[in-house]
Each structure stands twice: as C-alpha cells, then as structure tokens.
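Q: Take this structure first; my questions come after.
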Amino acid sequence: MTWKDLQEQWKRTAVTPLSASTAQDALRRAQRLQRLIFWRDGAESAAALVLLPFVIIWLRDAVRAHLILSQASAVLLLGWLFYVPWSLWRARRLLPRNDPGLPLLRYLEMERQAMLAQARLLERAAWWYIAPCALGITGLNLGNYGPTRGVLIYLAMMLVLCVLIERLNKQKAKSIFRRRIADIDATCRELTALEAAPDDTHTTRENRDEP
Amino acid sequence: MPTSDARFQRLLDDNQGRLERLARQYADPADWQDLLQEIHVQLWLSLDSFDGRAQLSTWVYRVALNTAISHRRKRRLLSGGEAPDDLGDSGATHDSMDVLREFLASLGSIDRALLLMDLEDMTREQIAEVLGLSNGAVAVRMTRLKQQFSQRYLEP
C-alpha cells in the first residue's frame, strides 16, 4: 500500500448525495442568522427608545423643581441610554464579521481580536452597563426624597450587585473567551513554528511523491 | 432559481466530496452534518467577497477549513476536554481508510489540514495559499507527516 493508493481510495470514499435544495437551505439558514443578529442589535436601541420618554419626563420635573442632584442623575441616565446602543454598535463596527476566506493565520488573528473585544466588553459590563443606570436611579431618588433608608439600601445593594456581576463576568470571560484565545494562540504558534522549521530533510520531492 | 443560487448550488455540487470528507475529520460522527451546514452558510455569506485572486476551489477549501477549525475549537472547549477525537463510524469501507482516519484523528488541526489537502490532491502551492504558509514550510512538514505515517502504518 502506497501513499498514492491511499490518496485514490480517499477520494473514492462514498459521500452523501447533495439534495437539490441544499443551496436554498443554506440561504435560509444564513437569512435566519442575519435576522437574529438584526434583532439582537435592535433590542438595545428599542429598549433605549422605550425608556427615553420616562427619563425626559424625570429631567423636566427635576429642572422645574430645581433639584440639581436629580437633574444630574437624569442627564446621566439620558447619556447612558445613548451610550449603551452606541458602544455596542461601535464594537460591532470596529470588528466586522470575520472573513473565513482569509488565509488561516490572518483569519485566526481576526478571530482572536474579536474574542478579546468580547471578553473585555463582558469583563467590564457591570461598570458600563449596570452601574450608570443604578447610579442614575439612586441619584434621582436621593435628589427627590433625600437619603432615606430605602434609597441607601438600594445603593448598597446595587454596589454589591455590580461587584458580584463583575466577578461572575470575569469568570465567564475567562472560561469562554480567554480559553478560546489561548487555543487560537496555540494554533498560531503551531503555524509560526511550521514556517520557521528548518528544512533538514533536504528534499526536493514533488507533492505527490511516496513517503 | 436565481442565478446566484444556481451558481452556489453548482459550487456545492463541485466540492461536495471534499467538504464532506473535511467535515467528517473535524467533527464528531454526531455533528459532522452540522459542521457541513455551517460551512455551506459561511460559503454563502462569503461568496461576494471572493475576489478571484485564488482559484475558486482553493478559496472554497480555505473557507471550509477556517470554519472547521473554529467549530472544532468551540466543541472541544465546550466539552471541556482534551479528549482525542471520536472516530465513530465515519463511513469507512476499507481497513486502510480506518488506519488513515486513525492517524488523522491523532493529529492537531494544522497537521490534519495539511494531510487532508494532500489527500485531496491539492498542490503545495494551493495548500500554502490556504494556510498562509510558504511552499517550503508546507513541503517540509508534509514530508515529515508522511514519514511519520509510513513508519507507523506502512512499514512492516
């Protein structure tokens, strides 16, 4: 048995016949994937739009009542409503869909960048996603009702929640994205080592030669 | 069927054998069809970005291989394992094919890709193009892999 025989046998291996609708099926799946991404992207903006009138009303009331802390908190919430969808949109725009038509090493580098960006977003989510909202609501209540027991308890709970979420997210980022990044790094190292490997076989044999 | 769909269907028809054999080597017997579908979707999504600089068949294999390597990584990390790949019933009809599959399963993603492309009769230039390596690096590694296989399975 020679390598050439193996090659011939390999190419004769029976394959499942392709159905006539395979292209249509792939198209349907691709469209479903694109719709899913569209709705996921739109969800943040839709939520911000729903909340926007409430925050504007809070801001208007605070301005009328000359409550500085409430005004500042409403402005913080308003900024947060724009910041979250914008930062998610920007993250996606900075990292467009990885092109699997790229050479492997370049593809892996792009994949690594995307993983790193996702890991960072997740690790810091408590501070850019939850903390501004919690702080804004606490500030509104403090401004409107003063340092009541309920408001202080809410503030303490939010602080604990932020710390807890940050820890959980860091753990999640480490177990999912950081592990994938380590795996990508290992594959890249394998490729780089291949490129650097010395040619100690002194071979000029062609591709289809026997081993 | 619109022209682009017909073109895509033809592309799948022309490459079905290679894509299925690749999917079977990078996924478990239970989910190679999922991987094959994922490859089809990625090909459809990327077809517009094909700039004609490489041969279409080389580009198709590149998309498929990149998708397969990512798929394998995700599955392996999800299962939390460094466990060797499950060979299962991969459609083998010959003993020598089983031996070859066993050898392929024992290799890492890159070596496996190198050997698979050689089995598919791709030239060193095409293999180098898919992996983004030099022809020399491909030649050296290929020789070593074949020697390794030969020592393990072909020699008495």
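The values are calculated or read from the model by the stated rules, or taken from the named source; none is laboratory data. Values in this document were obtained by computation on a predicted structure and should not be read as measured data. Because the Cβ atoms are built from the backbone with ideal geometry, glycine has one as well, and the counts that use them run over all protein chains shown. Heads up: the accessible areas ignore ligands, DNA and RNA and are worked out on the full protein's heavy atoms, side chains in. Shrake-Rupley method; radii C 1.70, N 1.55, O 1.52, S 1.80 Å.
Q: Which condition number in (1) away from chain B (no Cβ under 12 Å); (2) in contact with a Pro (Cβ under 6 Å, 6 or more places away or on another chain) is the one that A:TRP3 fails?
A: A:TRP3 satisfies every listed condition except (1).
Q: From A:ARG106, A:ARG64, grab the single residue that is open to solvent by 90 Å² or more (accessible area, probe 1.4 Å), charged (D, E, K, R) and either closer than 23 Å to A:ASN169 by Cβ or under 22 Å from the mean Cα position of the chain (by Cα) (or both).
A: Numbers: A:ARG64 fails: either closer than 23 Å to A:ASN169 by Cβ or under 22 Å from the mean Cα position of the chain (by Cα) (or both).
After ruling out the rest, the residue left standing is A:ARG106.
Q: Now for a different question. Give all pairs with beta carbons closer than 9 Å in which a residue from the range A:68-85 that is in a helix (DSSP H, G or I) meets a residue that is acidic (Asp, Glu); count only pairs at least 6 apart in sequence or on separate chains.
A: Cβ pairs passing all conditions: A:SER70/A:ASP61; A:ALA74/A:ASP61; A:VAL84/A:GLU44; A:PRO85/A:ASP41; A:PRO85/A:GLU44.
Q: So, B:ARG73, is that one farther than 26 Å from B:GLN55 by Cα and at pLDDT 90 or above or not? Talk me through it step by step, then tell me what you get.
A: Details: farther than 26 Å from B:GLN55 by Cα: yes; at pLDDT 90 or above: no.
Taking the combined requirement at face value, the residue does not satisfy it.
Q: Here's a check for you: in the range B:54-78, which residue that is open to solvent by 20 Å² or more (accessible area, probe 1.4 Å) and more than 19 Å from B:ASP14 (Cβ to Cβ) is farthest from the other protein chains (Cβ to nearest Cβ)? It would help to see each step written out before you state the result.
A: Initially, the range B:54-78 is screened for residues open to solvent by 20 Å² or more (accessible area, probe 1.4 Å), giving B:55-57, B:62, B:72, B:74-78.
Filter once more, keeping what is more than 19 Å from B:ASP14 (Cβ to Cβ): B:72, B:74-78.
Details: B:ARG72: 10, B:LYS74: 8, B:ARG75: 12, B:ARG76: 8, B:LEU77: 5, B:LEU78: 9 Å.
Restricting to residues being open to solvent by 20 Å² or more (accessible area, probe 1.4 Å) and more than 19 Å from B:ASP14 (Cβ to Cβ), the top hit is B:ARG75.
Q: Considering only the range B:79-102, how many residues are at pLDDT 55 or above, more than 10 Å from chain A (Cβ to nearest Cβ) and surrounded by 16 or more Cβ atoms within 10 Å (Cβ to Cβ)?
A: 1
Q: Now for a separate question. Let me spell it out: the conditions are (1) over 23 Å from B:SER70 (Cβ atoms); (2) modelled with pLDDT of 90 or more, and A:GLU206 meets all of them except one. Which number is the exception?
A: (2)
Q: If a residue must be over 31 Å from the mean Cα position of the chain (by Cα) and open to solvent by 50 Å² or more (accessible area, probe 1.4 Å), how many such residues does the range A:39-61 contain? Walk me through how you get there before you give the answer.
A: In the first step, residues of the range A:39-61 are kept if they are over 31 Å from the mean Cα position of the chain (by Cα); the result is A:57-61.
This time we only want the ones that are open to solvent by 50 Å² or more (accessible area, probe 1.4 Å), so: A:57-58, A:60-61.
Residues flagged as over 31 Å from the mean Cα position of the chain (by Cα) and open to solvent by 50 Å² or more (accessible area, probe 1.4 Å) within the range A:39-61 amount to 4.
Q: Could you check, for the range A:145-163, whether at least one of its residues is among the β-branched types (Val, Ile, Thr) and within 14 Å of chain B (Cβ to nearest Cβ)? Steps first, answer last, please.
A: Restricting attention to the range A:145-163, the residues satisfying the condition of being among the β-branched types (Val, Ile, Thr) are A:148, A:151, A:153, A:160, A:163.
Going one step further and asking which of them are within 14 Å of chain B (Cβ to nearest Cβ), we end up with none.
No: the range A:145-163 contains no residue that is among the β-branched types (Val, Ile, Thr) and within 14 Å of chain B (Cβ to nearest Cβ).
Q: Somewhere in the range B:119-126, is a residue closer than 19 Å to B:ARG53 by Cα, at the interface with chain A (Cβ under 9 Å from one of its Cβ atoms) and of a type in the set (A, V, I, L, M, F, W, C)?
A: Yes - at least one qualifying residue is present in the range B:119-126.
Q: Right, here's the next one. Kindly check whether there is at least one residue in the range A:21-36 that is among the small types (Gly, Ala, Ser) and outside any helix (DSSP H, G or I).
A: Step one: of the range A:21-36, the residues among the small types (Gly, Ala, Ser) are A:21, A:23, A:26, A:30.
With the extra rule that they be outside any helix (DSSP H, G or I), the set shrinks to A:21.
Among the residues of the range A:21-36, at least one is among the small types (Gly, Ala, Ser) and outside any helix (DSSP H, G or I), which makes the answer yes.
Q: Restricting the range B:9-31 to residues that are under 22 Å from B:PHE103 (Cβ atoms) and without any contact (Cβ under 8 Å) to a residue 40 or more places away in the chain, which is surrounded by the fewest Cβ atoms within 10 Å (Cβ to Cβ)?
A: Per the criteria, the residue is B:GLY17.
Q: Collect the residues in the range B:109-137 that are more than 11 Å from A:LEU191 (Cα to Cα) and of a type in the set (Asp, Glu), keeping them in residue-number order.
A: B:ASP118, B:GLU120, B:ASP121, B:GLU125, B:GLU129
Q: Of all residues in the range A:2-38, how many are of a type outside the set (Gly, Ala, Ser) and touching a Leu at 6+ places or on another chain (Cβ under 7 Å)?
A: Start the filter on the range A:2-38 by keeping residues that are of a type outside the set (Gly, Ala, Ser), which leaves A:2-13, A:15-18, A:22, A:24-25, A:27-29, A:31-38.
Applying the additional criterion that residues be touching a Leu at 6+ places or on another chain (Cβ under 7 Å) yields A:6-7, A:10, A:18, A:22.
So the count comes out to 5.
For (1) without any contact (Cβ under 8 Å) to a residue 24 or more places away in the chain; (2) surrounded by 12 or more Cβ atoms within 10 Å (Cβ to Cβ); (3) in contact with a strand residue (DSSP E or B) (Cβ under 9 Å, 6 or more places away or on another chain); (4) under 30 Å from B:LEU78 (Cβ atoms), each residue gets a yes or a no:
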{"site": "A:LEU140", "(1), (2), (3), (4)": "no, yes, no, no"}
{"site": "A:GLY143", "(1), (2), (3), (4)": "no, yes, no, no"}
{"site": "A:ILE153", "(1), (2), (3), (4)": "yes, no, no, no"}
{"site": "A:GLU166", "(1), (2), (3), (4)": "no, yes, no, yes"}
{"site": "A:LYS170", "(1), (2), (3), (4)": "no, yes, no, yes"}
{"site": "A:SER175", "(1), (2), (3), (4)": "yes, yes, no, yes"}
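Q: As an exercise: evaluate A:TRP89 against (1) assigned to a helix (DSSP H, G or I); (2) free of Cβ contacts under 8 Å to residues at least 24 places away in the same chain; (3) over 30 Å from A:GLY146 (Cβ atoms) and give the number of the one condition it does not meet.
A: It fails just one condition, (2).
Q: Next question. Have a look at A:ALA119, A:ALA62 and point out the one that is part of a helix (DSSP H, G or I), within 14 Å of chain B (Cβ to nearest Cβ) and small (Gly, Ala, Ser). Outline the logic, then answer.
A: Numbers: A:ALA62 fails: within 14 Å of chain B (Cβ to nearest Cβ).
Residue meeting the stated conditions: A:ALA119.
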